[in-house]
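So the structure is just underneath, and the comments pick up after that.
The values are calculated or read from the model by the stated rules, or taken from the named source; none is laboratory data. Just so we're clear, the structure is a prediction, and the values are computed from it rather than from any experiment. So basically every Cβ, Gly included, is an ideal-geometry build from the backbone, and we count neighbours across all protein chains shown. Surface areas here come from the heavy atoms of the whole protein model, side chains and all, with no ligands, DNA or RNA. Shrake-Rupley method; radii C 1.70, N 1.55, O 1.52, S 1.80 Å.
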Amino acid sequence: MFNKLQYISQGETAEKQLHNIHQALDAGCNWIQMRFKNQTFENRIILAEAVKKLCEEYQATFIVNDDVLLAQKIAADGVHLGLTDMSIPGARAILGEKKIIGATANTFEDILLQTKNSCDYIGLGPFQFTETKEKLSPILGTEGYASILSKMKIENISIPVYAIGGITLENIESLIKTGVHGIAVSGMITKSLQKEKLVQQLNDKLYAEVII
């Protein structure tokens, strides 16, 4: 069972990234996705090796965003691929069958494609406007998630779906009721002054029994 809370890292420098990731782990996050854009491979690998050690110490899952070769080189737990990144079959050929491969989706058609290619989970979004992404896909909102998850159920597509994009603590109950498995957040945790309390609140909501 995949954790229901994913933290997607932030920080313009390796030092800031590592600081933010360490704080998220300290606060109780057990799934880290390292997202370190517009950097040299050397800078990314230095950070990734440090993050891997931290995640091993905290027994957390460690996923690399976009970079399949980096994930392979440091033996990360897996990779998360966007719609324009390397194909899932290509990544699987490099990483092997046991590694986690997550995939981005914005529409039901995206989910059909990604699940056909045998991804392990879907990051579906954005839920609402977020400053984290430079190029934002059409916003889904709660109704968008409900519609897509309903179509998945009709088509017997059973795969963990994570909501992503501008999620707040107040949104979680309504999102979980749509059928999503969990959430992937970034700024909410990075900017929090009470990270441990926030992570506990998030997990309380994510793991609560859903009454529809």
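Residue check: residue 164 meets all listed conditions (1) in contact (Cβ under 8 Å) with a residue 24 or more places away in the chain; (2) open to solvent by 60 Å² or more (accessible area, probe 1.4 Å) but one, namely (2).
Summed over the stretch 49-80, residues that are open to solvent by less than 60 Å² (accessible area, probe 1.4 Å) and either more than 12 Å from residue 34 (Cα to Cα) or assigned to a helix (DSSP H, G or I) (or both) total 11.
In this structure, residue 42 qualifies as open to solvent by 50 Å² or more (accessible area, probe 1.4 Å), more than 16 Å from the chain's Cα centre (by Cα) and modelled with pLDDT under 95.
Contact map, the stretch 35-64: first residue closer than 15 Å to residue 6 by Cα and touching a residue at least 60 places away in the same chain (Cβ under 8 Å), second residue open to solvent by less than 80 Å² (accessible area, probe 1.4 Å) and acidic (Asp, Glu), Cβ cut-off under 8 Å, separation 6 or more or different chains; pairs are 35/66. Taking the criterion of being open to solvent by less than 50 Å² (accessible area, probe 1.4 Å), touching a residue at least 12 places away in the same chain (Cβ under 8 Å) and either small (Gly, Ala, Ser) or assigned to a helix (DSSP H, G or I) (or both), the residues of the stretch 81-97 that qualify are 82, 88, 90, 91, 92, 95. Per the conditions (1) open to solvent by less than 30 Å² (accessible area, probe 1.4 Å); (2) of a type outside the set (Val, Ile, Thr); (3) touching a residue at least 24 places away in the same chain (Cβ under 8 Å), the sole criterion not satisfied by residue 117 is (1). How about the stretch 14-39: which of its residues are loosely packed, with under 13 Cβ neighbours inside 10 Å and either among the aromatic types (Phe, Trp, Tyr) or outside any helix (DSSP H, G or I) (or both)? Correct list: 37, 38. Taken over the stretch 98-109, the residue count meeting the criterion of being open to solvent by 30 Å² or more (accessible area, probe 1.4 Å) and more than 14 Å from residue 65 (Cα to Cα) is 3. In the stretch 167-183, what residues are farther than 15 Å from residue 140 by Cα and surrounded by 23 or more Cβ atoms within 10 Å (Cβ to Cβ)? 182, the sole residue that qualifies.
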